[in-house]
1. For segment 101-129, give me each residue that is open to solvent by 60 Å² or more (accessible area, probe 1.4 Å), touching a Phe, Trp or Tyr at 6+ places or on another chain (Cβ under 9 Å) and in a strand (DSSP E or B).
2. Can you report the number of residues in segment 61-78 which are in a loop (DSSP other than H, G, I, E, B) and surrounded by fewer than 21 Cβ atoms within 10 Å (Cβ to Cβ)?
3. Can you pull out every residue in segment 79-90 that is surrounded by 14 or more Cβ atoms within 10 Å (Cβ to Cβ) and in a helix (DSSP H, G or I)?
4. Residue 36 fails exactly one of the following numbered conditions: (1) open to solvent by 30 Å² or more (accessible area, probe 1.4 Å); (2) more than 24 Å from residue 85 (Cα to Cα). What is the number of that condition?
5. Residue by residue through segment 84-120, note down the ones that are among the small types (Gly, Ala, Ser) and closer than 21 Å to residue 61 by Cα.
6. Please specify each residue of segment 19-33 satisfying the condition of being out of contact with any Asp or Glu (no Cβ under 6 Å at 6 or more places or on another chain) and open to solvent by less than 30 Å² (accessible area, probe 1.4 Å).
7. Checking residue 9 against (1) of a type in the set (A, V, I, L, M, F, W, C); (2) in a loop (DSSP other than H, G, I, E, B); (3) closer than 25 Å to residue 91 by Cβ: exactly one of these is not met. Which one?
8. Pairs, please: C-beta under 9 Å, at least 6 apart or cross-chain, first residue in contact (Cβ under 8 Å) with a residue 40 or more places away in the chain and in segment 125-136, second part of a loop (DSSP other than H, G, I, E, B) and open to solvent by 90 Å² or more (accessible area, probe 1.4 Å)?
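The values are calculated or read from the model by the stated rules, or taken from the named source; none is laboratory data. Keep in mind that this is a model prediction, so the values were computed, not measured. Positions of Cβ are backbone-derived with ideal geometry, glycine not excepted, and every protein chain shown enters the neighbour counts. The area values use the complete protein model at the heavy-atom level, side chains included, leaving out ligands, DNA and RNA. Shrake-Rupley method; radii C 1.70, N 1.55, O 1.52, S 1.80 Å.
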Amino acid sequence: KERFVGREFSGYENVHLSFTELENIYVKEISSWKTSLQNIKGIYLITDKKNGKKYVGSAYEEKEGIWSRWNTYRKTGHGNNKQLIKIIKKNSLNYAEKNFNFSLIEYYPLKVDNNFVIERETYWKEVLLTRQFGYNEN
């Protein structure tokens, strides 16, 4: 028998995943996760366990919400963020696999206005000081 390496989705307020857990969810296409994450926009946090730095991001224009956005991180390790690109270029995707955790901060239905999501992302960048002490530049 194959060993179970993923868990079922247990609610938006409980989304906290290591990179490896995220990878397993996508590779195995755990339907409870896919259905839940592709139907929301939201604000998320990536935490670097090695140095404590954080990155606040958002998914607001994706056709498949957070699901699509996090898939980009899964594939690249950086999701096209300038600071994360530098880390991955220097250390390889393996750095993200060992050190990045993904959490959902806020979530909204897909019909919510994109500008509102961007405003909330800005709010969390200010609260968590991720421009000064993290990986956010803008």
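1. 107, the sole residue that qualifies.
2. Here the count works out to 4.
3. So in segment 79-90, the residues surrounded by 14 or more Cβ atoms within 10 Å (Cβ to Cβ) come out as 79, 81, 83-85, 87-88.
83, 84, 85, 87, 88, listed by residue number.
4. (1)
5. Once the filter is applied, which keeps residues that are among the small types (Gly, Ala, Ser) and closer than 21 Å to residue 61 by Cα, segment 84-120 yields only 103.
6. Residues satisfying the conditions are 22, 25, 26, 30, 33.
7. Evaluating residue 9 over (1) of a type in the set (A, V, I, L, M, F, W, C); (2) in a loop (DSSP other than H, G, I, E, B); (3) closer than 25 Å to residue 91 by Cβ leaves (3) as the failure.
8. 125/138
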